[in-house]
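Undergrad: Pasting a structure below so you can have a look.
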Amino acid sequence: MVDPNTARVVNPNLSTYLVPVCADTPSVEALFVDRPAVEELVR
């Protein structure tokens with residue numbers, strides 16, 4: 001990890017580096033938009 005103000009490495013090893021995992025992400029809802037295909041619009 002690099003400090004944006006000084007451009008120096010904050011933690012020189014990865015032992016304390018926190019890696020985000022799937023449990024850290026919010027739930028996602030997938031939606032499908034029902035619209036005609038482009039080929040149908042050209043006709």
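Quick note: the coordinates plus some simple rules give every number you see, no bench work behind them. Since this is a predicted model, take the numbers as computed values, not measurements. In this analysis, Cβ positions are derived from the backbone assuming ideal geometry, glycine residues included, and neighbour counts consider all displayed protein chains.
Undergrad: How long is the gain from ASP24 to MET1 if the chain were fully straight, where each residue apart is worth 0.36 nm and the alpha carbon distance is subtracted?
TA: Details: separation 23, 0.36 × 23 = 8.28 nm, distance 1.89 nm.
Fully extending the segment from ASP24 to MET1 adds 6.4 nm.
Undergrad: Take the alpha carbon gyration tensor of the chain, find the square roots of its eigenvalues, order them as a ≥ b ≥ c, and report rounded if a/c is under 1.5; if not, report prolate when a/b exceeds b/c, else oblate. Walk me through the numbers on the way to the answer.
TA: Working: a/c = 5.88, a/b = 2.65, b/c = 2.22.
Because a/c hits 1.5 or more and a/b exceeds b/c, the chain counts as prolate.
Undergrad: While we're looking at this one, here's another question. Step through the residues of region 27-34 one at a time and calculate ³J(HN,Hα) from phi using the Karplus curve (6.51 cos²θ - 1.76 cosθ + 1.60, θ = phi - 60°), rounding each to whole Hz and writing x for Gly and Pro.
TA: Values per residue, Gly and Pro as x: 5, 10, 10, 8, 10, 10, 9, 8 Hz.
Undergrad: Rounded to the nearest 500 deg cm²/dmol, what is the calculated helix-only ellipticity per residue at 222 nm for the chain, with -39500 (n - 2.57) per DSSP H run of length n ≥ 4? Kindly include the intermediate steps, with their values, before the conclusion.
TA: On the way: 1 runs with 5 residues, N = 43.
Helices in the chain give a 222 nm mean residue ellipticity of -2000 deg cm²/dmol.
Undergrad: Order of LEU14, LEU31 from fewest to most other C-beta atoms within 10 Å? Mind dumping the intermediate values first?
TA: Values: LEU14 9, LEU31 4.
So the ranking, lowest neighbour count to highest, is LEU31, LEU14.
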